[in-house]
Each structure stands twice: as C-alpha cells, then as structure tokens.
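Values quoted throughout were computed directly from the atomic coordinates according to the rules given, and no laboratory measurement underlies them. Computed from a predicted model, the values in this text were never measured in an experiment. Cβ placement follows ideal geometry from the backbone for every residue including glycine, while neighbour counts extend to all protein chains displayed.
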Amino acid sequence: MTLLGRFGLVLLLFGLGLGWAARRRWGPLRGIRPWLVVLAVPPVHALAVLARGVAVGVAPATLSAFAAGTLALLVLAVAFAVWLLRTTPRWSALIPPAHALGQGAAVAALGEPFAALGAAPPGLGSALVLAVTLVAAGAWLVWLPGRRRAGDGAGGGQRERSGRLQT
C-alpha cells in the first residue's frame, strides 16, 4: 500500500508540472472541453466493463444497476464541478479523482457476479482511470483560475484608487 501511495504522489507531482507548463503556455484553463475529456474516462471504462459483462453472461439486472450507478456518479460529478467552478475553481480539481474512486467502487462491486461465472473480475482498468484523473487533478490545481475577487470582472464592485500619488 505504501508503494501505491508513493506512485499516486508521483502522478500528482507529474500533473502539477504539466499544469505549470500549460498555464505558462496557454494561460488559465477555460472552457468545457477538458472537463468533457476527463469526466468521460470513467464512463468509457464502464462501457467496456458492461460489454465484457454481457459477453461473459452476467445477469442483466446487475448490469443495469451498474449502468444506473455509473450515470448517477456522472451526474453528481458534473453538478459538483459546475457548483465548485462558480465558487472556488481550484477545488474543482478534486472532482475527477473522486469520480474515478466512486466508479472504481462500483466496478469492484461487480467482482462477485463475474467470479460466480468463472471470469476474472474487472479491476485493472479502474487503476488506469484513477491514474489519469490523478494527473489531471494535479495539473488542474495549477492550471485552473483562482477565485474571483470582488473588484474583478463583470458584476464586480467599483475600483478604488490606492491612495498613492502618481510620480
């Protein structure tokens, strides 16, 4: 477990370096496209697990419950991301790893139905999904814009002079 934790820290540090380089090159992260890519990784893995479950012969009720759980996790992740982007954008970087952990728990719940049919449980892809989202979280901690101040941008307060005389 210690080795796994160290590997997670290395992935997070790698993401921080990528975020720093991206922010220097392109400025703060804006737009929806990066969110679509990172939040789509766990559902794509879930589709692969569902396809494998159908091929192996797992009960349709179990697979439909897994699909409903995957959809619910995606909706929750999007809702929390939208809410955090409005209030504190940098904290929204925690959404992708939390989404991947939730999806990994849902995939782990399918281990018993797969094992009952004599198939290997689907678990390796969850580690890869978590690794991708840890790198994204590290990058977004640096790359996402900070919190808006009261005097910034549209709807902000009136700017005041600093009181210094111009020389």
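Within the chain, which complete DSSP H helices have Cα atoms spanning at least 30 Å along the helix axis and a mean Kyte-Doolittle hydropathy of 1.0 or higher?
Details: long enough: 2-26 (35 Å, 0.85); 33-56 (34 Å, 1.47); 60-87 (41 Å, 1.75).
In the chain, the long hydrophobic H runs are 33-56, 60-87.
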Euclidean distance between Cα centres, segment 1-28 to segment 58-132, Å
22 Å
Can you show me the helix-derived [θ] at 222 nm for the chain, built from DSSP H runs with n ≥ 4 at -39,500 (n - 2.57) apiece and divided by the number of residues, rounded to the nearest 500.
-24500 deg cm²/dmol
What are the semi-axes of the equivalent ellipsoid for segment 25-77, taken as the square roots of 5 times the Cα gyration tensor eigenvalues, largest first, in whole Å?
31, 12, 5
Pull out the extension gain between residue 119 and residue 61, defined as 0.36 nm times the separation in residues minus the alpha carbon to alpha carbon distance; nm, one decimal.
19.1 nm
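Please tell me the relative contact order of the chain in percent, rounded to the nearest whole number, where contacts are Cα pairs under 8 Å and at least six residues apart. Spell out each step's value before the answer.
Numbers: 178 pairs, mean separation 62.0, N = 167.
After rounding, I find 37 percent.
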For the chain, evaluate the Debye formula with one uniform point scatterer on each Cα (no solvent term) and list log10 I(q)/I(0) at q = 0.13 Å⁻¹, rounded to two decimals.
-0.72
Where trypsin sites (Lys or Arg not before Pro) in DSSP loops with at most 16 other Cβ within 10 Å are excluded, longest remaining stretch of the chain:
31-146
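Could you put 45, 99 in order, starting from the residue whose Cβ has the fewest other Cβ atoms within 10 Å? Walk me through the numbers before you get to the answer.
Details: 45 21, 99 25.
Going from sparsest to densest Cβ surroundings: 45, 99.
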